[in-house]
Amino acid sequence: HDEPVYILQAQALSQGRLFLPGNQFRDDFFKTWFVANEGNRAVFKYTPVHAAFLALGLLLFGSMRASLGFVAAGNVLLLYSLSRELYPQKRLALVAVAFFLLSPFFLIQSATFLSYTTTLLLHLSFATLLLRGHRRNAPHLLFGAGLALGLAFFARPYDAILFAIPFGT
């Protein structure tokens with residue numbers, strides 16, 4: 001039930017709107033936990049992070065599915081980069097990517113309009129930039145890591161906290 005809400009939110013964002021007119025929906029159009037009517041506008045339950053990725057694909061390529069492909073490819077590249085940060089052997093990084101690519105969870109989630117792979121992209125960005133920035137003593141990479149974690153926290157706070165805790169030790 002979440003996918004149509006993300007798609008509608010992305011369409012609204014591509015038109016430059018965070019909210020929709022509240023009077024255009026019947027009561028049974030959305031479940032009340034997806035969209036709330038606040039006065040004369042419909043407010044989405046979800047933060048606009050994932051929908052912004054979808055809207056960007058819609059604006060640049062005419063299809064939200066392009067965003068799904070770019071997010072999936074970004075996850076693969078970031079997992080490879082993170083694996084190389086942790087283990088310098090290329091073979092281990094390639095094995096990790098192979099298992100990741102063959103994972104049914106990744107394959108199925110990458111084909112849906114759900115926010116899990118976008119959140120994973122932000123988490124992998126954070127981890128890769130943090131480790132590389134620490135190793136190279138590069139403040140701009142550490143800034144990028146903080147930006148990625150902040151965006152992940154805005155999108156899914158609990159997931160971001162759980163992902164970031166091991167990096168704080």
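The values are calculated or read from the model by the stated rules, or taken from the named source; none is laboratory data. Computed from a prediction, not measured in an experiment: that's the story for all the values here. With ideal geometry, Cβ positions are generated from the backbone for all residues, glycine too; neighbour counts draw on all protein chains shown. The area values use the complete protein model at the heavy-atom level, side chains included, leaving out ligands, DNA and RNA. Shrake-Rupley method; radii C 1.70, N 1.55, O 1.52, S 1.80 Å.
A Cβ-based charge dipole, computed about the Cα centre of the stretch 30-166 with Lys and Arg at +1 and Asp and Glu at -1, lands at about 240 debye. Note: relative contact order over the stretch 58-122, using C-alpha pairs below 8 Å and six or more positions apart, is 37 percent. The residue list A51, S115, L86 was ranked by how far each Cα lies along the charge dipole of the stretch 49-141 toward its positive end, using unit charges on Cβ atoms, and L86 comes out on top.
What does the net charge come to around L77 if you take all other residues with beta carbon closer than 15 Å to its beta carbon, with K and R at +1 and D and E at -1? Charge balance near L77 sits at +2. Calculated FRET efficiency, L86 to I7, Cβ-Cβ distance, R0 = 41 Å: about 0.70 to the nearest 0.05.
The residues of the stretch 111-169 expose on average 56 square angstrom of accessible surface per residue, using a 1.4 Å probe on protein heavy atoms.
Cα-based radius of gyration for the stretch 75-137, normalised by 2.2 N^0.38 Å, reads 1.17.
Placing R0 at 45 angstrom, the Cβ-Cβ distance between A138 and E38 gives a FRET efficiency of 0.55 after rounding to 0.05. With a cut-off of 15 Å between beta carbons, the residues surrounding A98 carry a summed charge of +3, where Lys and Arg count +1 and Asp and Glu -1. How large a share of the accessible area of the stretch 24-169, in percent, is made up of carbon and sulfur atoms when the probe is 1.4 Å and the other protein chains stay in place? C and S atoms contribute 68 percent here. Overall, the ratio between the Cα radius of gyration of the stretch 1-136 and 2.2 N^0.38 Å, rounded to two decimals, is 1.27. Per residue, the average separation of C-alpha pairs within less than 8 Å and at least 6 apart gives the chain a relative contact order of 18 percent. Once both labels are positioned 7 Å from their Cα atoms along Cα-to-Cβ, the gap between K45 and V95 label points is 4.2 nm.
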